[in-house]
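The values are calculated or read from the model by the stated rules, or taken from the named source; none is laboratory data. Because the structure is a prediction, the values reported are computed rather than measured. A quick note on method: Cβ atoms are made from the backbone with ideal geometry, for glycine too, and the neighbour counts reach across all protein chains shown. With ligands, DNA and RNA removed, areas are computed over all heavy atoms of the protein, side chains included. Shrake-Rupley method; radii C 1.70, N 1.55, O 1.52, S 1.80 Å.
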Amino acid sequence: MFSNMETTPDPQAARDALREAERAAAAPFVDYPATPLWYSPAVGAWFTALAAIVWYRPDTKYAIPAMVVLIALVGVFVSWHTRVRGTMPTLTGAPRELRGPMLSYGVGVVVIAAIVIPMGMWEPTAGVIATFALVTVGIAAYEAAYARAARAVRKRLG
């Protein structure tokens, strides 16, 4: 007679294995240091500089080097962000708790653009000021929402 001990699945072991796999998949999205205080104003300043170049249309001898610097800063940022977080967050593979903040981020980008682009075309100084304020506040709000959602993921997965 054969023993069924080796063939009878243990439901708790299966749940534990699934939870461990979920924990490992979620780790790049939720196990990271807190965003530094300078992050939101730095992102706001970057977009403000871009907006100023577009709306004030400086001479190309200034605009081209300024754009090269801004593009280089994006490269530095992506490298830093990927190193600190271990990943660039995307909706693909993200724990369900993070989908809300990520989708809200996309909506926020569209809303901010809809406000500042016409404003900057009408009055560049107002557009530049609004760009800094709205992007800085928007990024700070996103980071706070993401951090709350990451805590919820960590709590759920124990």
Inset, instruction - Answer with yes or no whether THR87 is surrounded by 11 or more Cβ atoms within 10 Å (Cβ to Cβ) and in contact with a Phe, Trp or Tyr (Cβ under 8 Å, 6 or more places away or on another chain). - result: yes
Inset, instruction - With the condition kept exactly as written, say whether any residue in the stretch 6-27 is in a helix (DSSP H, G or I) and either modelled with pLDDT of 90 or more or of a type in the set (S, T, N, Q) (or both). - result: yes
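Quick one: which residue in ALA51, ALA72 is among the hydrophobic types (A, V, I, L, M, F, W, C), assigned to a helix (DSSP H, G or I) and open to solvent by less than 50 Å² (accessible area, probe 1.4 Å)?
One residue alone meets the criteria, ALA51.
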Inset, instruction - Could you grab me the full set of residues in the stretch 92-101 that are part of a helix (DSSP H, G or I) and either open to solvent by 90 Å² or more (accessible area, probe 1.4 Å) or in contact with a Phe, Trp or Tyr (Cβ under 8 Å, 6 or more places away or on another chain) (or both)? - result: ARG96, LEU98, ARG99, PRO101
Inset, instruction - From the list ALA126, ALA147, pick out the single residue that is of a type in the set (Gly, Ala, Ser) and under 20 Å from TRP46 (Cα atoms). - result: ALA126
Inset, instruction - Restricting attention to the stretch 111-155, report how many residues are within 19 Å of ARG57 (Cα to Cα), surrounded by 14 or more Cβ atoms within 10 Å (Cβ to Cβ) and of a type in the set (Val, Ile, Thr). - result: 5
Legend entry - Residues being over 10 Å from the mean Cα position of the chain (by Cα) and closer than 15 Å to PHE29 by Cα - total across the stretch 74-102: 16
Inset, instruction - Just need a number here: residues in the stretch 89-116 that are of a type in the set (Gly, Ala, Ser), over 15 Å from ALA145 (Cα atoms) and in contact (Cβ under 8 Å) with a residue 60 or more places away in the chain. - result: 1
